[in-house]
Every structure is written in C-alpha cells, then in structure tokens.
Amino acid sequence: MELVCPAGSLSALKIAVDNGADAVYIGFKDDTNARHFAGLNFTDANVVKAIDYAKQRQVKVFVAINTYAQSRGWERWQKAVDVSANYGIDAVICADISVMEYAATKHPELNLHLSVQGSATNRETLSFFANNFNVKRAVLPRVLSLKQVETLASQSPVDLEVFAFGSLCIMAEGRCYLSSYLTDESPNNCGACSPAKAVRWEQKGNQLYSRLNGLLIDKYEEGEKAGYPTLCKGRFNVNGRIFNAIEEPTSLNTIELIPALASAGIKAVKIEGRQRSPAYVENVVKTWRRALDAYRHDPARFAVKPMWNDALSKVSEGTQTTLGAYTRSWQ
Amino acid sequence: MKLSLGPILYFWEKQRVLDFYQQAMASPVDVIYLGETVCSKRRELSLSDWVDIACQVKAYGKEAVLSTLTLLAAESEIKTLKKYCDNGEFSVEANDLAAVQLLSEKGIPFIAGPAINVYNFKTLQFLIKKGLQRWVMPVELSKGNLVDILGDAEEDKSRSSFEVEVFSFGKIPLAYSARCFTARYYDLPKDNCQLKCIHHEGGLEVLSQEDEDLFTLNGIQTMSGRLYNLESELAAMQDIGVDIIRISPEPTGIFEQISTFEQAMANGSKNISLSDADCNGYWFGKPGRNISREELS
C-alpha cells in the first residue's frame, strides 16, 4: 500500500519525503483546498521546489484542489488545475463536479483522484466519478466500517485510498456544515473548519474557556488538557447531561488494520494533518513506514509493535486513538 | 412561486405520518416530498407505504416526489435506492450522487436535493446534462451565491431548463455521520440503537454549557438548533426567480407556518417578526445561526 503523507509547508514536505512517504499531498495558498489555514500551503515558487525535491527522490506529489468552487472566483480553481497540470503533478485531488469536468476535459493526461470531500461512500457514486471524469482513485470518507470498506473495494471501479491516521472527522466529509452554522466558514465553502479567526480562549477563575464565535465549546479545570475548540469535539448539554455529545478529542489510528486493508486491495493509506507541525509529520510518517515495511517483509507474522502506538499516541489529539468507524462499536 | 413540504427528517410512528400527510394534502402546499432520507433503520414505513401516500397526493392534484437516503454505505441501502429510482411513476429527489448515477444511466430526469454539492453554475450545468430538472440549493449557500448562479444560467440561456427550490423553513440538516448521536446519548451502540429516535419527535437539543442553543441531534443527522426562517425574504426570492419554497416538517405548528408563508406570498412579506428561536444567517452570507433583523424591509 502506498503511504500518502501531508505537507503543509516545504519543510514538512522534505521531512515526509525523507522519512519514507511514497506520495505527498499539498495545497495552494488559497481557498481551493480544504486546509486553507493562515501560514500554511504552497506558493507557485514553493510548488516548483516541492516537486523537484520529491521527484529527485522518486516520491509522487498530489495537489488537493478539493473545496467547492463558487461561481464568483471559479477561475482560482481553474488556475489551480492548470498550474498542477503544467508542473507535471502526479494527481490532483478534487471534489467539485465542475472542477473535475474542467480537469478531465482540458487536461485528460492529468490523473484525477476523488477527494474525501467528494463524499463517495458507495459503488454507484464511485461509478459516477469514474464514468464521467475518468477518476483513477477515490479517498473514502471516514464513515465506513471495515466490512463496508472490504465490500466496496471488491466492487469499486477505481482504486481506493483510506484514512490511516490523524484527526478524526466524525461526519461524512463534504456533508458537514456545522462550522458555517456557527462561523461563516466551512470545509466546503472555503476550506476551513472551526476557523482560528473565530477562536477565543478565556481564563475565568480556575477555569479555561474555549469559544468559537463567542459560543462556549468547552471549559477546562486547572490541569486538565485543553484542546482546540473543533466544534464537534466540545462538551455540551443534552437534557442536563454534560458530555462530548458528538465526539471526544481523539485521533484515528488504524495501524492494526494494515493486514486487513492490504488484503482488501486498498491501494493507499493516507495520513491526515497538513496543518500539523513538521515534528508530527516526521513522527507519524516514520512510524507508518516501519509498520508498512514490516507488513511487506512478512505479512503472515505482522504484529503491531507497542513502540509504534506509543509514538503515535504522543501526537494524537487528547493523546487518545481510536479505530473510528472501521469498528461497528464506535458507531 | 410554489410551496413544497420537504421529507420528514425525524422518525415518527406510522400512524402519525399517515395523519400528517392527510393534513398536508389539505394544506396549501403544491409539492410533497416523501421517503426516508436520514437512516435506513427507520422502517415504520416501507417504500410501498410511501408510494401509497404518493398516489394519494397525486390523486389530490398535488405533485408527489420520492426523496432518497442521503448517506448510503450498506449494500441493502443501495438495493432500496434502486427500488426508489425504479418506481416508474414518481419523480425522485436524489440526495446522493449514487441516485444521480442510477437515474441518469436510465435517462430518468431527477431533482437534486440539498445534500448534493452544487456550489456553482458549471456543476449545475453538468447535472442538467445528466437529467436534472429541479435544483434544491445546498443549505449553506446565500442569496448572493444564488444570484451569481442564476445570473450565469441566464447568460447561458439555460435558466428555463430547470427549477430552483430553496429550503426556507425548519431545522436545517447540517451533517451526516456513521455514528448515531441519539444512540450515543443513550449509551447504546448504533447496532443496538433500539430506535430511540422515535421518542424524540423533534430531535434532541444540544446546548452549550452556557445554555445557548447549538444543534439538534436526529439520529445520524445533526441539525441546526434554531429554525431557519426565510419568511421575510419571500419577496426577494420571487424577484431572484426562485420557483419553489421548501418548508421542512417540524413536530408542531407546521401547518400554521405553511398558512403564514402562503399569506405572506399572497400579500407580500409584511410585519414579519422573527423570534430568538429562528435564524436566517446563511441567506445573508453570515454564520447560519445568525439572525438578521435589520435586513428586513
């Protein structure tokens, strides 16, 4: 299985390449990609450096152009596709139908991957993208159980990539407007969820309050580990019960599923986290490289090493990991 | 402009649903959407029950549409979807591209529901080629987005080839998950959810720890905490060229709301007062939860 790694900056990209990525995925410095965060992503000049660095080391570069283009400013998405094609990018990762149509028509030689934001959770939807735009690979939303992934892999008209590690979206990607409901930005409309501009931290006595656009997402006692106020991971009040009503701060870690995913014919595993630090990228890529190599050398005797999980826990949200939707009990 | 009644997003007992549609048929709505769009485990009504209601709606002189499931992951869900698409009589609202794929393969025209991500005219144009005849705008889009898209359609001389419907009243469907949040509230796994959502006719309210309304949990769906209410924008929608105003079923007061909308459409939107339980932010390009009273004319 191909190890697809995040790079929010040139330094993260170099680290991912040096530590064993088979492919890196990047985005441009605008709202055409779903990690449109301040201080992140690539200018045209940096893209050239990124491609040179990766290609010299036989590592592929994918470009995420995976937000939904609006009528006004549609040219930005068009330009992102053109630039990627001209630089000889290995694949663009898209979600919007109009962007796919443009890429497929204008640059038929450019490989198209369907982004997780394209919300393809079944073979009919995969067929829609394969038949209409000759999509080569699709990234599956983090809502399918392992059994569903296996079934889908056996019927899919395109290669499949799944999320292996990183921050866990609890909702079907591309189908969540919670962020634009509380702020004015969502992953679909401008590539941001719970945007930093809307975050406020407030010390009240011994308690630390985290707010998003003024609304209380969580509060922490002294000494309690505080997390970024991603709106689905706060503690809320449902009929008087205060709890993580939607999801706890936790990260997806599927390292123990490597044999199952490989047997199912999954083509690539994806590490989430273009917004994370180079140290995160180094730690996660190195660990996953070791795990995938261990599986490749001796699939029958593959066993998860405690040191892998220890390393990954250190960079996990809330220092917890989960198998997420892959296990039915989580659902 | 016509009025439509969207699919019931909550899980209600069969008799309640049947009674609801008797009232709906007698109400001023012109189009009625029927079917389960949220969770395939909700089986109070089968497809044939929905088709029976659709036949009654049609006999009553109104348009009936079958709405399909939004998040399709299991084989059984695709099988049911095929039956919806093959019903042979009623139009289908596609809420996932799987339905678009099945319908367009067979050359059957379709309605694109609000969960299909159409954010620009080029995407709409592509779906029109595939058989789209009516477009329900995604809920997070604004009046400005709509004006841009319809302007592009005018320029393309294709505005007359499709209808536009806007979700205009009710709790807003905001997100879909593999996880059932109602079951989670009861500490039950989804596989043994005991269909607890049937006890929450309007979902479960999620408040912040400072008691501010945030969301509504409805099984695997997360909805807005507030009621979207575009009653004050009916005249503006008429001007832009919106064809259909969608009212989404709520457990109480929905038929009064339909009458209010009908009167406002007939008399112009006057003396509209929005309550703190309402919101209209998305329409104005603001956070969806916002309420803009100053925008009212």
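For this structure, a couple of remarks:
- Ranking of B:W135, A:W308, A:W74, A:W201 by count of other Cβ atoms within 10 Å, fewest first: A:W201, A:W308, A:W74, B:W135
- Only Cα pairs under 8 Å and 6+ residues apart enter the sum, and on that basis the relative contact order of region A:49-146 stands at 23 percent.
- Qualifying GluC sites (Glu not before Pro) in region B:47-145, DSSP loop, other Cβ atoms within 10 Å at most 13: B:E89
- Model label zone, A:S154; criterion: amide N under 20 Å from point 7 Å along Cα-to-beta-carbon; scope region A:244-270: A:257-268
- GNM flexibility winner over chain B from B:A98, B:A54, B:A266 (Cα, springs under 10 Å): B:A266
- Computed P(r) (all Cα pairs; chain A; 20 Å bins; percent): 31, 60, 9, 0
- Charging the Cβ of each Asp and Glu at -1 and of each Lys and Arg at +1, and nothing else, the dipole of chain B about its Cα centre rounds to 760 debye.
- Cα point-scatterer Debye curve for region A:178-243, base-10 log of I(q)/I(0) at q = 0.20, 0.24 Å⁻¹: -0.79, -1.02
- Think of region B:7-143 as having a plus end and a minus end, set by charges on the Cβ of Lys, Arg, Asp and Glu; of B:F11, B:Q101, B:I32, B:Q101 sits farthest toward the positive end of this dipole.
- By other beta-carbon atoms within 10 Å, ranking A:S71, B:S142, B:S161 with the fewest at the front produces B:S161, B:S142, A:S71.
- If you bin all the Cα-Cα distances of the protein assembly as shown at 10 Å, starting from zero, the percentages per bin are 3, 16, 28, 28, 17, 6, 1, 0.
- When you restrict to C-alpha pairs under 8 Å that are six or more residues apart and normalise by the size of region B:116-211, the relative contact order lands at 24 percent.
- Rg/Rh for region B:18-73, where both radii come from Cα atoms and Rh is the Kirkwood radius: 0.99
- Quarter of Cα convex hull surface for region B:85-151, i.e. mean projection, nm²: 4.2 nm²
- Distance histogram in 5 Å bins (all Cα pairs of chain B, percent per bin): 1, 5, 12, 16, 19, 18, 15, 9, 4, 1, 0
- A viscosity of 0.692 mPa s and a temperature of 37 °C, combined with the Kirkwood radius over C-alpha pairs in the Stokes-Einstein formula, give region B:111-213 a diffusion coefficient of 199 µm²/s.
- Cα-Cα separations in region B:1-144 greater than 27 Å, expressed as whole percent: 18 percent
- Dipole moment magnitude, nearest 20 debye, the protein assembly as shown about Cα centre, only Lys, Arg, Asp, Glu C-beta charged: 1700 debye
- Charge dipole (debye, nearest 20) of region A:178-243; +1 at Cβ of Lys and Arg, -1 at Cβ of Asp and Glu: 80 debye
- Across the alpha-carbon atoms of region A:58-211, the computed radius of gyration and Dmax are 17.7, 61 angstrom.
- Taking other C-beta atoms within 10 angstrom as a stand-in for reagent exposure, B:L3, B:L47, B:L132, A:L13 fall in the order B:L47, B:L3, B:L132, A:L13, fewest first.
- Qualifying trypsin sites (Lys or Arg not before Pro) for region B:181-281 [loop in DSSP, other Cβ within 10 Å: at most 13]: B:K270
- Amide H within-cut-off set for A:I93, under 5 Å, with H built and near neighbours excluded: A:V63, A:A64, A:I65, A:H113
- Normalised by the number of residues in chain A, the mean separation of alpha-carbon contacts (under 8 Å, six or more apart) gives a relative contact order of 19 percent.
- Of A:D22, A:D298, A:D96, the one that fluctuates the most in a GNM where chain A has Cα springs shorter than 10 Å: A:D298
- Mean ellipticity per residue at 222 nm, deg cm²/dmol - from DSSP H runs of n ≥ 4 across chain A, formula -39500 (n - 2.57): -10000 deg cm²/dmol
- Among A:N188, A:N122, A:N86, the residue with the largest mean-square fluctuation in a Gaussian network model of chain A, with springs joining Cα atoms closer than 10 Å, is A:N86.
- Based on the Kirkwood approach, the hydrodynamic radius assigned to region A:172-316 is 17.9 Å, with every pair of different Cα atoms included.
- Taking a straight Cα-Cα cut-off under 28 Å and skipping sequence neighbours fewer than 8 places away in the same chain, the lysines within cross-link reach of A:K314 are A:K14, A:K60, A:K197, A:K219, A:K225, A:K233, A:K267, A:K270, A:K286, A:K305.
Here, each number is a calculation from the coordinates, and none is a lab measurement. What you are looking at is a predicted structure, and each value in this text was computed from that prediction instead of being measured. Because the Cβ atoms are built from the backbone with ideal geometry, glycine has one as well, and the counts that use them run over all protein chains shown.
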